[in-house]
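The values are calculated or read from the model by the stated rules, or taken from the named source; none is laboratory data. Computed from a predicted structure; not experimentally measured. So basically every Cβ, Gly included, is an ideal-geometry build from the backbone, and we count neighbours across all protein chains shown. Areas reflect the complete protein model, heavy atoms only, side chains present, ligands, DNA and RNA absent. Shrake-Rupley method; radii C 1.70, N 1.55, O 1.52, S 1.80 Å.
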Amino acid sequence: MVTTPVVTTLVVIYDAACGSCSAIAARLSDVLVPAVLTRSCRDPHLAAEFPVLAGRLGERPCRRPLLIVVRSDGRAEVASGLPMMWRGARMVARGRRLAAIQLALWIMWRRIRGRRAAHG
């Protein structure tokens, strides 16, 4: 029988200088399974600690949040944007769907509010 490696850890890379980003990162461990580690994109040792990020950080490492999915066999994958959101949605802990929906709505509200402020 072939066993599929399970996800053991999620690493969320976010901009620690952004208050909204920090608030979102702090709430993720309350709604997602497995363990969630949060790391600042400003950490100079980030690429060395997570080689899978090579080429992803570039000159502007904080341009968007990233999700690293670490599997039990040590393999790691990086996701951003919509694929990151879908992955996160599939990893919501049992009994935490309402909290996850509230967090998603809060994230959307902050994005809309931020866009209005940028254009207004």
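Among what's in the stretch 59-89 and is among the basic types (Lys, Arg) and within 15 Å of Val12 (Cα to Cα), pick the residue that is farthest from the chain's Cα centre (by Cα). Spell out how you get there, then give the answer.
First, pick out the residues of the stretch 59-89 that are among the basic types (Lys, Arg): 60, 63-64, 71, 75, 87.
Still in the list and also within 15 Å of Val12 (Cα to Cα): 63-64, 71, 87.
Details: Arg63: 13, Arg64: 10, Arg71: 15, Arg87: 9 Å.
Per the criteria, the residue is Arg71.
Can Pro83 be described as part of a helix (DSSP H, G or I), open to solvent by 40 Å² or more (accessible area, probe 1.4 Å) and either of a type in the set (Gly, Ala, Ser) or on the phi < 0 side of the Ramachandran plot (or both)?
For Pro83, the condition - part of a helix (DSSP H, G or I), open to solvent by 40 Å² or more (accessible area, probe 1.4 Å) and either of a type in the set (Gly, Ala, Ser) or on the phi < 0 side of the Ramachandran plot (or both) - is met.
Report yes if some residue within the stretch 90-109 is open to solvent by less than 80 Å² (accessible area, probe 1.4 Å) and of a type in the set (Lys, Arg); otherwise report no.
Taking every residue of the stretch 90-109 in turn, none turns out to be open to solvent by less than 80 Å² (accessible area, probe 1.4 Å) and of a type in the set (Lys, Arg).
Being at pLDDT below 90, open to solvent by less than 50 Å² (accessible area, probe 1.4 Å) and out of contact with any Asp or Glu (no Cβ under 7 Å at 6 or more places or on another chain) is the filter here; which residues of the stretch 48-62 pass it? Even if it seems obvious, please write down each step before you answer.
So the first thing to find is which residues in the stretch 48-62 are at pLDDT below 90, and the list is 54-62.
Those left that are additionally open to solvent by less than 50 Å² (accessible area, probe 1.4 Å): 57, 61-62.
Leu57, Pro61, listed by residue number.
Take the conditions crowded, with 17+ Cβ neighbours inside 10 Å and without any contact (Cβ under 8 Å) to a residue 60 or more places away in the chain and apply them to Val78. Does it pass?
Details: crowded, with 17+ Cβ neighbours inside 10 Å: yes; without any contact (Cβ under 8 Å) to a residue 60 or more places away in the chain: yes.
Judged against the criteria, Val78 is a match.
Return a yes/no flag: does the stretch 36-57 have any residue that is among the small types (Gly, Ala, Ser), within 19 Å of Leu10 (Cβ to Cβ), part of a strand (DSSP E or B) and without any contact (Cβ under 8 Å) to a residue 60 or more places away in the chain.
Yes, some residue in the stretch 36-57 is among the small types (Gly, Ala, Ser), within 19 Å of Leu10 (Cβ to Cβ), part of a strand (DSSP E or B) and without any contact (Cβ under 8 Å) to a residue 60 or more places away in the chain.
Exactly one of (1) closer than 14 Å to Leu28 by Cα; (2) in contact with an Asp or Glu (Cβ under 9 Å, 6 or more places away or on another chain); (3) open to solvent by less than 40 Å² (accessible area, probe 1.4 Å) is unmet by Pro65. Its number?
Of (1) closer than 14 Å to Leu28 by Cα; (2) in contact with an Asp or Glu (Cβ under 9 Å, 6 or more places away or on another chain); (3) open to solvent by less than 40 Å² (accessible area, probe 1.4 Å), only one is false for Pro65: (3).
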